[in-house]
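So the structure is just underneath, and the comments pick up after that.
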Amino acid sequence: MALLGGSLRPGSASEAVLHLCAGLAAGYGARTTICTAATLDLPLYRPGALHRAPGARRLVETLRRADGLVIVTPTYHGGVSGLIKNALDHAEELAHDRPAYLDGKVVGVAAVGWSEHGAATAVTSLRTTVQSLRGWVAPMAVTFDATGVAALDVAEARAALRGDARLMRRLDILLGQVTDFADRYARARLAA
Ligand SMILES: Cc1cc2nc3c(=O)[nH]c(=O)nc-3n(C[C@H](O)[C@H](O)[C@H](O)COP(=O)(O)O)c2cc1C
């Protein structure tokens with residue numbers, strides 16, 4: 001499973017949520033690749049370019065190999081951050097794969113904002129993008145109001161989030177759905 005998310009802000013709450021998701025995924029037996037904002041900080045996607053930055057090529061390979069994805073975006077102006085959207089635009093390089101784009105991959109989405117309402121707008125926009133890429137969006141989605149952890153450093157924010165039973169329960173449902181569906185689809189393909 002590949003996990004993409006976070007922001008370049010020191011103490012990023014969405015990155016902290018991403019790491020919690022990775023821990024839960026490992027608990028479900030998934031092998032995980034984590035792509036934080038530092039690895040997703042790529043040049044803008046250029047359609048048709050002959051040369052891609054090494055980081056962009058690695059991201060495309062990560063997306064190609066993944067049986068499931070979890071994406072955790074910060075909410076920026078009512079939607080997905082530019083950094084995360086640019087990373088997803090690179091999935092255009094999977095257009096000629098069979099199956100193409102994110103088809104056959106289950107994708108769990110979560111968003112962090114200054115309110116759960118704000119984050120819900122980003123979740124909606126992220127779902128639309130994933131569906132446009134033919135990804136199979138998990139029914140569960142998680143929104144998180146990060147105002148309570150905004151002033152904390154990374155370690156403090158992670159500890160505070162881990163102690164948030166409601167958040168952890170919802171993330172656990174999300175990761176359960178993504179790993180379960182990825183497993184079922186892999187077994188169905190083997191049996192076909
Ligand atoms: C440029 C920018 C735009 C933002 N727009 C919104 C918004 O529309 N709605 C919202 O709820 N929060 C908004 N926020 C707040 C962020 O979603 C919040 O700070 C979140 O924690 C950012 O993720 P991070 O902690 O991983 O950096 C915005 C923050 C920035 C920097």
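The values are calculated or read from the model by the stated rules, or taken from the named source; none is laboratory data. Remember, predicted model here, so these are calculated numbers, not experimental data. Methodologically, a virtual Cβ is constructed for each residue, glycine included, from the backbone with ideal geometry; neighbour enumeration extends over all protein chains shown. Surface accessibility is based on the protein's heavy atoms, side chains included, excluding ligands, DNA and RNA. Shrake-Rupley method; radii C 1.70, N 1.55, O 1.52, S 1.80 Å.
Listing for the model above:
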item	result
Considering residues of the stretch 21-46 that are of a type in the set (S, T, N, Q) and under 19 Å from residue 64 (Cβ atoms) only, the residue nearest to the ligand (Cβ to nearest atom)	39
All positions within the stretch 1-20 that are assigned to a loop (DSSP other than H, G, I, E, B) and either within 12 Å of residue 81 (Cβ to Cβ) or near the ligand (Cβ under 8 Å from one of its atoms) (or both)	6, 7, 8, 9, 11, 12
Selected residue [polar (S, T, N, Q), within 16 Å of the ligand (Cβ to nearest atom) and assigned to a helix (DSSP H, G or I)] from 121, 129	121
Of the criteria (1) more than 25 Å from residue 58 (Cβ to Cβ); (2) of a type in the set (Gly, Ala, Ser); (3) away from the ligand (no atom under 11 Å from the Cβ), which one residue 95 fails	(1)
Residues within the stretch 80-96 that are closer than 22 Å to residue 116 by Cβ and either open to solvent by less than 10 Å² (accessible area, probe 1.4 Å) or at pLDDT below 95 (or both), tallied	2
Pair list, Cβ under 8 Å, 6 or more apart: the stretch 108-119 residue of a type in the set (Val, Ile, Thr), other residue outside any helix (DSSP H, G or I) and near the ligand (Cβ under 6 Å from one of its atoms)	112/74; 112/75
Some residue of the stretch 176-184 being touching a residue at least 60 places away in the same chain (Cβ under 8 Å), in contact with a helix residue (DSSP H, G or I) (Cβ under 8 Å, 6 or more places away or on another chain), surrounded by 18 or more Cβ atoms within 10 Å (Cβ to Cβ) and not hydroxyl-bearing (Ser, Thr, Tyr)	yes
Selection from the stretch 124-159 of residues that are among the hydrophobic types (A, V, I, L, M, F, W, C) and modelled with pLDDT under 95	149, 150, 151, 152, 154, 155, 157, 159
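Condition check ((1) aromatic (Phe, Trp, Tyr); (2) within 21 Å of residue 178 (Cβ to Cβ); (3) buried (at least 16 other Cβ atoms within 10 Å of the Cβ)) across all residues:
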| site | (1), (2), (3) |
| --- | --- |
| 3 | no, yes, yes |
| 8 | no, no, no |
| 13 | no, yes, yes |
| 18 | no, yes, yes |
| 21 | no, yes, yes |
| 37 | no, yes, yes |
| 42 | no, no, yes |
| 52 | no, no, yes |
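To keep it simple, each residue is scored yes or no on (1) out of contact with any strand residue (DSSP E or B) (no Cβ under 6 Å at 6 or more places or on another chain); (2) within 19 Å of residue 34 (Cα to Cα).
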{"residue": "63", "(1), (2)": "yes, yes"}
{"residue": "81", "(1), (2)": "no, yes"}
{"residue": "84", "(1), (2)": "no, yes"}
{"residue": "104", "(1), (2)": "yes, no"}
{"residue": "119", "(1), (2)": "no, no"}
{"residue": "129", "(1), (2)": "yes, no"}
{"residue": "135", "(1), (2)": "no, yes"}
